[in-house]
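One structure below.
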Amino acid sequence: MSSAYEVYTNMNSDAMILTGLTGSLYLPLVRSDVVRPSFRNDPPMTLAVDEVYSALRREFKGDLLRPGGDGYSQARSVWNGRVARNPGLIARCDGISDIKAAVEAAGEVDLLTAIRCGGHSLAGFSTCEGGMVIDLSRMRSVSVDERKRRARFDGGCLLGNIDQATQKVGLVYPAGVVSETGASGLILGGGFGWLTRLYGMSCDNVEGFTLVVADGPIVHASATENPDLFWALRGGGGNFGVVTEFEVKLHPLRSVLFGTGMCLGDDIPRVLQYWREFMPGTADNLKWSFSMRLAPDDETVPAHVRGRQVASESVLWIGDPDEARPQIDHALSVCNATAVTKNVFSFLNLQRMADWEFPAGGRYYTKSGYLKSLDDRTIHHIIESLSTIPSPTTQVELSYQGGAAARVGAEETAFGDRSSPFIVNILGSWSDPAADAENISWVRELFAKLRPSMTPGAYVNFMSGDEEDRTPEAYRERWDRLVAVKTHYDPKNFFRLNQNIPPQQRADKAAQPHP
Ligand SMILES: Cc1cc2nc3c(=O)[nH]c(=O)nc-3n(C[C@H](O)[C@H](O)[C@H](O)COP(=O)(O)OP(=O)(O)OC[C@H]3O[C@@H](n4cnc5c(N)ncnc54)[C@H](O)[C@@H]3O)c2cc1C
């Protein structure tokens, strides 16, 4: 194995490095006293769209796109190619007054409305059939206060917009690993990435939100203003309003030391067993993750390895490079790794490295869960599943969180319990629509085998669109508090295209005497 550390600060983001997205049996609550989402596409909806369009067109500063019009077909597409829907109106807002007007107009006629930042919702929640999309893609400004290590950014920002602005002064905001992901959806659901172990989750680094809530009022939420809403927005998803601006903490970082390698055959269970014992005692600066998959047919992978079952590992150390080298060497020496790389990356390149792996328009289906410990049974099922994997781009990711994220108490944010440090993410990815059924059932079958070892809980941002029953599982003992905040800010469930927390039905109904 080479021990040379090459410096590629301008390394091409197309480089073939495999990173994945992360770098129980539980009975869901079934509630009869909640307002369920409705998904209508009928003549009344067409009339409602016309009404909203007429109300908006006079003052709207952004673009109002309708089917058949210029720019519509490009604007309607979202990241997951399995989700192809045709909204009746795309309101591409240019400022908070446009958002407010759109929420007010749609609320008047109860028009089904989706909110879109980056359009990366795995479940496809940022579009809808027939209704309206409030699209924030024109709102991507970022301002940075270097001295205070703080930033403010708009609700339409992609992670790359924030990285570009904060790196000008050597600062970073801890977020996800693909630069094209929308910041809003990621932060509101929680937000994991390369820096989570050292600096906490994305939602832990937010100090304030500005949002337009149902019927149009503009509200600010922070530790001192509307603290219940502030709590709910850190993990509770897009349930409470359209976030127009985030105020966040930043941290100093310019470059990192990063290594990759691939383990094969009998080495795979051995390295995973070692990893599960090693990670709990290691420094927060180390992020060491695995992606189980078929080795890509690419020239950067040795010919004899291509197409074989591999555990592709990525090892990142954030901090002093001299301290980093032995750590990365140690991790990569645990198995007889092949295709080893070790580089110093600028933070911007680290953040763009995985972009090529998840192209927009591909077909995706995911399921994920948490594990308190990684048992041999789980390792066995994951490795066994590789022999039937239906697509060369599908991966099963294993990552270990812990660190700063785990030091935030379960009640401090709506995101909740962080005490199960292992995350398994089954990420089905393919391109042929005819292969949908085969790929989806492969993901489901593996998930069913792993489920008994999982702890109750789910990460809403990794959920597919058919997991509505897992939303209460994601929040568990925080559910009632979330329902109360939802009922206060959105009693009619206007913001319902999300991992939905339905409001309680009106007090007048609830207060009716029992027969
Ligand atoms: C390629 C890829 C890489 C990913 N990597 C990571 C990762 O590293 N770490 C991680 O934690 N997650 C990751 N995810 C999951 C990601 O967090 C979710 O897909 C998230 O929803 C994406 O946010 P978005 O703004 O792009 O989504 P959108 O599809 O735009 O929206 C998602 C949800 O958020 C709501 N929403 C969007 N904007 C707003 C707003 N301004 N105000 C209120 N609600 C809003 C929408 O209504 C919708 O319900 C990844 C996903 C993909 C597809």
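The values are calculated or read from the model by the stated rules, or taken from the named source; none is laboratory data. Owing to the predicted nature of the structure, the values given are computational and were not obtained by experimental measurement. Reconstructed Cβ throughout: ideal geometry from the backbone, glycine too, with neighbour counts over all protein chains shown.
The one condition from (1) farther than 28 Å from His120 by Cα; (2) acidic (Asp, Glu); (3) buried (at least 19 other Cβ atoms within 10 Å of the Cβ) that Glu357 does not meet is (1).
Filtering region 164-175 for residues that are near the ligand (Cβ under 8 Å from one of its atoms), in contact with a strand residue (DSSP E or B) (Cβ under 6 Å, 6 or more places away or on another chain) and closer than 26 Å to Glu357 by Cβ leaves an empty set.
Look at region 389-407: where a residue is within 13 Å of Lys287 (Cβ to Cβ) and a partner is among the acidic types (Asp, Glu), sitting 6+ places away or on another chain with Cβ atoms under 8 Å, you get Gly402/Asp284; Gly403/Asp284; Ala404/Asp204; Ala404/Asp284; Ala405/Asp204.
Only a single item in (1) over 23 Å from the mean Cα position of the chain (by Cα); (2) under 16 Å from Gly176 (Cα atoms); (3) of a type in the set (A, V, I, L, M, F, W, C) is not met by Trp356, and it is number (1).
Please list, ordered by residue number, the helices (runs of 4 or more DSSP H) wholly in region 178-293 having 2 or more residues that are near the ligand (Cβ under 9 Å from one of its atoms) and more than 24 Å from Pro326 (Cβ to Cβ). Can you show your working first?
On the way: elements: 183-189, 196-199, 227-233, 267-278.
Fully inside region 178-293 and qualifying: 183-189.
Taking the conditions (1) in contact with a His (Cβ under 7 Å, 6 or more places away or on another chain); (2) within 13 Å of Cys117 (Cα to Cα) in turn, Gly208 satisfies each one other than (2).
Note on region 235-251: residues that are in contact with a strand residue (DSSP E or B) (Cβ under 6 Å, 6 or more places away or on another chain) and closer than 28 Å to Glu146 by Cα total 9. Residues that are of a type in the set (A, V, I, L, M) and in contact with a Cys (Cβ under 8 Å, 6 or more places away or on another chain) within region 78-132 comprise Ile99, Ala102, Leu112, Ala114, listed in sequence order. Residues that are of a type in the set (D, E, K, R) and within 11 Å of the ligand (Cβ to nearest atom) within region 133-163 comprise Asp135, Asp154, listed in sequence order.
Condition check ((1) in the same structural domain as Val212 (by TED's automatic domain parsing); (2) under 30 Å from Lys287 (Cβ atoms); (3) surrounded by fewer than 23 Cβ atoms within 10 Å (Cβ to Cβ); (4) at pLDDT below 95) across all residues:
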{"site": "Ile96", "(1), (2), (3), (4)": "no, no, yes, no"}
{"site": "Ala102", "(1), (2), (3), (4)": "no, no, no, no"}
{"site": "Leu112", "(1), (2), (3), (4)": "no, no, no, no"}
{"site": "Arg152", "(1), (2), (3), (4)": "yes, yes, yes, no"}
{"site": "Asn161", "(1), (2), (3), (4)": "yes, yes, yes, no"}
{"site": "Val178", "(1), (2), (3), (4)": "yes, yes, no, no"}
{"site": "Arg197", "(1), (2), (3), (4)": "yes, yes, no, no"}
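A Cβ distance below 8 Å, combined with a sequence gap of six or more or placement on separate chains, defines the contacts here; from region 328-341, residues that are over 19 Å from Glu277 (Cα atoms) reach residues that are small (Gly, Ala, Ser) and surrounded by fewer than 18 Cβ atoms within 10 Å (Cβ to Cβ) in the pairs Val340/Ser2.
Can we say Gly118 is assigned to a helix (DSSP H, G or I) and touching a helix residue (DSSP H, G or I) at 6+ places or on another chain (Cβ under 8 Å)? In short, no. Look at region 303-323: where a residue is in the same structural domain as Glu357 (by TED's automatic domain parsing) and more than 21 Å from Phe278 (Cβ to Cβ) and a partner is of a type in the set (A, V, I, L, M) and assigned to a loop (DSSP other than H, G, I, E, B), sitting 6+ places away or on another chain with Cβ atoms under 9 Å, you get Val305/Ala295; Arg306/Ala295; Gly307/Ala295; Arg308/Ala295; Gln309/Ala295; Gln309/Ile389.
The residue of region 258-293 that is nearest to Gly428 (Cα to Cα), among those that are among the aliphatic types (A, V, I, L, M) and under 24 Å from the mean Cα position of the chain (by Cα), is Met292. Return yes when Ala339 is assigned to a loop (DSSP other than H, G, I, E, B) and among the hydrophobic types (A, V, I, L, M, F, W, C) and no when it is not. So Ala339 fails the test.
The requirement of being touching a strand residue (DSSP E or B) at 6+ places or on another chain (Cβ under 7 Å), surrounded by 14 or more Cβ atoms within 10 Å (Cβ to Cβ) and at positive phi is not satisfied by Ala331.
A count restricted to region 392-435 and to residues that are assigned to a loop (DSSP other than H, G, I, E, B) and not aliphatic (A, V, I, L, M) stands at 19. Here the condition is being loosely packed, with under 14 Cβ neighbours inside 10 Å and within 16 Å of the ligand (Cβ to nearest atom); of Ser441, Ser464, Ser420, Ser431, it holds for Ser431 alone.
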